[in-house]
């Protein structure tokens with residue numbers, strides 16, 4: 001693919017190819033010809049506002065059709081997009097414009113108060129009438145004749161804080177091509193996206209759908225289940241928690257029903273006649289098939305580890321769920337596909353991707369071009385630790401390849417919490433937040449097993465003071481309310497300090513997190529007391 | 001009152017069917033916290049709302065009802081929201097008829 005020609009390509013696509021979005025509660029379907037016209041109109045508008053190639057344009061909005069149109073228009077004009085996630089909602093328009101040297105900031109009309117800004121002429125509505133808009137003329141430090149940098153995105157990376165990534169056009173193109181080649185789209189495919197398109201993986205997927213002529217549905221999470229059932233997509237990309245919701249439904253069936261379904265489901269899998277086998281599975285697991293629309297042929301999950309039980313249940317239901325692996329900085333790395341998949345692995349390497357393993361087992365991913373050329377607003381040394389050379393990137397994940405070329409992830413190099421929702425949080429961030437409580441001597445934070453929550457093991461300054469425990473719990477509850485990504489479930493109190501003698505510190509005096517988790521989270525911790533909640 | 005009690009019961013059944021793993025042991029009361037005590041994540045909440053729509057035959061967005069999932073903290077919150085949605089949808093239907 002060539003991102004610079006994406007709009008022309010859309011214009012050449014069969015008019016029957018569709019983009020569907022929900023607008024004010026109604027489904028709106030547009031052909032690619034209509035999308036092409038809308039992108040051209042957006043280009044003309046941007047140009048009339050004074051936007052020129054190389055200028056930066058911020059977009060701060062939820063999923064909507066106009067987000068896609070302006071994204072494509074910026075690519076067409078070779079201007080740079082800066083995709084702001086919800087994390088930026090607290091910043092004013094002026095703060096965003098100044099901090100990121102924006103020429104324009106695009107926002108939805110529902111946030112019209114964002115026009116109340118010193119630089120209001122640089123704030124335009126994505127989906128409403130605009131008047132007196134003027135892009136702030138900014139000199140670009142150097143001309144990017146080849147449009148190598150297409151924009152900036154933000155990711156919760158290894159530092160646990162948001163950091164910026166500069167996007168590399170050729171890396172985006174290589175990643176889209178490799179994933180699409182392996183996924184092998186069919187003419188009747190229809191891709192559903194529901195995660196925020198400010199998250200770059202979602203944009204990669206719609207670039208692929210628009211370039212390769214696949215129908216596209218874009219919704220916000222609140223319409224997800226309705227869109228699945230009513231619009232019958234064939235391809236879905238979602239975090240493990242979505243698929244686990246189906247697993248939960250299954251396990252909440254009465255035991256006899258579950259047992260029957262398992263017996264019939266497994267027997268059906270063993271049948272040599274595939275059409276009969278599928279028919280039986282669709283009948284036994286009708287609810288799940290219907291909830292997913294009934295046409296699903298390729299569901300992909302990644303972003304966080306997927307439970308083996310979930311993958312096995314989907315296999316038994318004959319619902320095609322496959323694990324993938326990639327990182328925003330690099331793009332896709334490996335993918336399981338129909339006919340080439342192993343449960344427990346993240347699949348074979350995508351075309352053009354190679355890996356090698358560092359001495360400590362860390363996966364070093366290699367491709368001629370990766371998605372991000374570098375970081376900005378990151379911790380010191382992070383660029384050097386990650387971007388080893390032009391084509392080599394340190395993933396931070398530890399893994400191995402088997403004899404057949406399937407990649408397995410076996411751990412993280414750094415002590416990182418990955419929640420069930422796929423959010424990456426360095427434990428030091430919530431730990432320092434809890435340690436700010438004057439009653440706390442030390443805290444250690446973990447992901448709560450099988451739950452979308454964090455668990456904290458806390459050593460109070462005075463372990464005998466019951467009222468201090470209540471205050472700490474209240475403090476942690478407030479943290480959960482202020483920062484939903486830091487939602488805590490259990491707070492487990494320890495009455496013994498972490499030391500080398502009790503094995504909670506390593507000989508180098510660093511926390512032995514695995515040992516602490518084994519001791520306290522299993523519920524067998526002596527001298528510990530857990531409070532499920534306050535009040 | 002009887003109708004409301006039936007709605008409450010149906011909502012509690014819906015919640016119970018979406019609770020996973022170790023959280024199944026938790027006794028569901030009106031004060032039970034959906035996320036902390038029942039482990040319902042954002043997708044779990046969306047699934048719950050969608051099953052509610054299916055059960056009662058209501059398209060919440062089409063009815064113009066604004067529901068903020070982030071504000072639904074407890075079983076009680078969900079019951080109140082559910083009752084409100086059903087009564088507004090029923091009111092709209094009778095107006096349309």
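Under the condition of being under 22 Å from residue A:250 (Cβ atoms), surrounded by fewer than 20 Cβ atoms within 10 Å (Cβ to Cβ) and either in contact with a helix residue (DSSP H, G or I) (Cβ under 9 Å, 6 or more places away or on another chain) or at the interface with chain A (Cβ under 8 Å from one of its Cβ atoms) (or both), the residues counted in the stretch B:24-36 number 2. Filtering the stretch B:40-65 to residues that are at pLDDT 80 or above and facing chain A (nearest Cβ under 7 Å) leaves B:44, B:46, B:47, B:50. Scanning the stretch A:400-424 for residues that are within 14 Å of another protein chain (Cβ to nearest Cβ) and at pLDDT 70 or above yields a single hit, A:418.
Suppose we filter the stretch A:149-172 for residues that are at pLDDT 90 or above and not in a strand (DSSP E or B); how many remain? Before the answer, list the steps.
Step one: of the stretch A:149-172, the residues at pLDDT 90 or above are A:149-154, A:164-172.
Now drop any that are not not in a strand (DSSP E or B), which leaves A:169-172.
Result for the stretch A:149-172: 4.
Before we move on, is residue A:454 at pLDDT below 75, touching a strand residue (DSSP E or B) at 6+ places or on another chain (Cβ under 6 Å) and within 14 Å of chain B (Cβ to nearest Cβ)? When the stated conditions are applied, residue A:454 does not pass them. Can you tell me which condition residue A:36 does not meet? The list is (1) under 30 Å from residue B:63 (Cα atoms); (2) assigned to a helix (DSSP H, G or I); (3) over 25 Å from the mean Cα position of the chain (by Cα), and all the others hold. Among (1) under 30 Å from residue B:63 (Cα atoms); (2) assigned to a helix (DSSP H, G or I); (3) over 25 Å from the mean Cα position of the chain (by Cα), residue A:36 violates only (1).
Taken together, the criteria place residue B:12 among residues that are in contact (Cβ under 8 Å) with a residue 24 or more places away in the chain, part of a helix (DSSP H, G or I), more than 7 Å from chain A (Cβ to nearest Cβ) and surrounded by 14 or more Cβ atoms within 10 Å (Cβ to Cβ).
Filter the stretch A:277-309 for residues that are under 17 Å from the mean Cα position of the chain (by Cα) and at pLDDT 90 or above; which is farthest from residue A:338 (Cα to Cα)? Show your work before the answer.
Taking the stretch A:277-309 first, the residues under 17 Å from the mean Cα position of the chain (by Cα) are A:299-306.
If we keep only those that are at pLDDT 90 or above too, we end up with A:299-301.
Values: A:299: 10, A:300: 11, A:301: 14 Å.
Within the stretch A:277-309, the match that is farthest from residue A:338 (Cα to Cα) is A:301.
For residue A:203, the conditions (1) within 11 Å of chain B (Cβ to nearest Cβ); (2) farther than 29 Å from residue B:13 by Cβ are fulfilled apart from (1). Go through the residues of the stretch B:41-62 one by one and say whether even a single one is part of a loop (DSSP other than H, G, I, E, B), in contact (Cβ under 8 Å) with a residue 24 or more places away in the chain and surrounded by 15 or more Cβ atoms within 10 Å (Cβ to Cβ). Yes, the conditions are met somewhere in the stretch B:41-62. As a summary of the residue check, residue A:51 satisfies the conditions (1) crowded, with 16+ Cβ neighbours inside 10 Å; (2) touching a strand residue (DSSP E or B) at 6+ places or on another chain (Cβ under 9 Å); (3) over 19 Å from residue A:147 (Cα atoms) except for the one numbered (3). Out of the residues in the stretch A:366-383 that are within 12 Å of residue A:394 (Cβ to Cβ) and in contact (Cβ under 8 Å) with a residue 24 or more places away in the chain, state the one that is surrounded by the most Cβ atoms within 10 Å (Cβ to Cβ). Per the criteria, the residue is A:370.
Within the stretch A:211-273, which helices (runs of 4 or more DSSP H) (wholly inside it) include 1 or more residues that are within 14 Å of chain B (Cβ to nearest Cβ) and under 26 Å from the mean Cα position of the chain (by Cα)? Walk me through how you get there before you give the answer.
Numbers: elements: A:224-231, A:240-251, A:255-270.
Those helices (runs of 4 or more DSSP H) span A:224-231, A:240-251.
The one condition from (1) surrounded by 15 or more Cβ atoms within 10 Å (Cβ to Cβ); (2) part of a helix (DSSP H, G or I); (3) over 11 Å from the mean Cα position of the chain (by Cα) that residue B:4 does not meet is (1). Would the stretch B:73-93 turn up any residue that is surrounded by fewer than 16 Cβ atoms within 10 Å (Cβ to Cβ), within 14 Å of the chain's Cα centre (by Cα) and in a loop (DSSP other than H, G, I, E, B)? For the stretch B:73-93, residues surrounded by fewer than 16 Cβ atoms within 10 Å (Cβ to Cβ), within 14 Å of the chain's Cα centre (by Cα) and in a loop (DSSP other than H, G, I, E, B): present.
Quick one: which residue in A:56, A:72 is more than 21 Å from residue A:205 (Cβ to Cβ) and at pLDDT 95 or above? Break it down stepwise before answering.
Numbers: A:72 fails: more than 21 Å from residue A:205 (Cβ to Cβ).
Going through A:56, A:72 in turn, the sole match is A:56.
Determine if the stretch A:16-25 includes at least one residue that is more than 14 Å from chain B (Cβ to nearest Cβ) and under 22 Å from the mean Cα position of the chain (by Cα). Within the stretch A:16-25, one or more residues are more than 14 Å from chain B (Cβ to nearest Cβ) and under 22 Å from the mean Cα position of the chain (by Cα).
Residue A:66 fulfils the conditions (1) within 14 Å of chain B (Cβ to nearest Cβ); (2) buried (at least 20 other Cβ atoms within 10 Å of the Cβ) except for a single criterion, (1). For the stretch A:384-403, filtering for residues that are closer than 20 Å to residue A:306 by Cβ and surrounded by fewer than 16 Cβ atoms within 10 Å (Cβ to Cβ) leaves 2. Considering (1) surrounded by 14 or more Cβ atoms within 10 Å (Cβ to Cβ); (2) within 11 Å of chain A (Cβ to nearest Cβ), the lone condition that residue B:68 does not fulfil carries the number (1).
Filtering A:490, A:473, A:514 for residues that are modelled with pLDDT of 75 or more and away from chain B (no Cβ under 14 Å) leaves a single hit, A:514. All told, residue B:88 falls short of being more than 22 Å from residue A:488 (Cβ to Cβ), free of Cβ contacts under 8 Å to residues at least 60 places away in the same chain and in contact with a helix residue (DSSP H, G or I) (Cβ under 8 Å, 6 or more places away or on another chain). Of the residues examined, residue A:3 is not one that is farther than 24 Å from residue A:180 by Cα, buried (at least 18 other Cβ atoms within 10 Å of the Cβ) and in contact with a helix residue (DSSP H, G or I) (Cβ under 7 Å, 6 or more places away or on another chain). Residues in the stretch A:122-142 that are without any contact (Cβ under 8 Å) to a residue 40 or more places away in the chain and either in a helix (DSSP H, G or I) or touching a strand residue (DSSP E or B) at 6+ places or on another chain (Cβ under 6 Å) (or both): A:122, A:123.
The values are calculated or read from the model by the stated rules, or taken from the named source; none is laboratory data. Just so you know, these numbers come straight off a predicted model, no measurement behind them. When we count neighbours, we look across all protein chains shown, and the Cβ atoms used for this are built from the backbone with ideal geometry, even at glycine.
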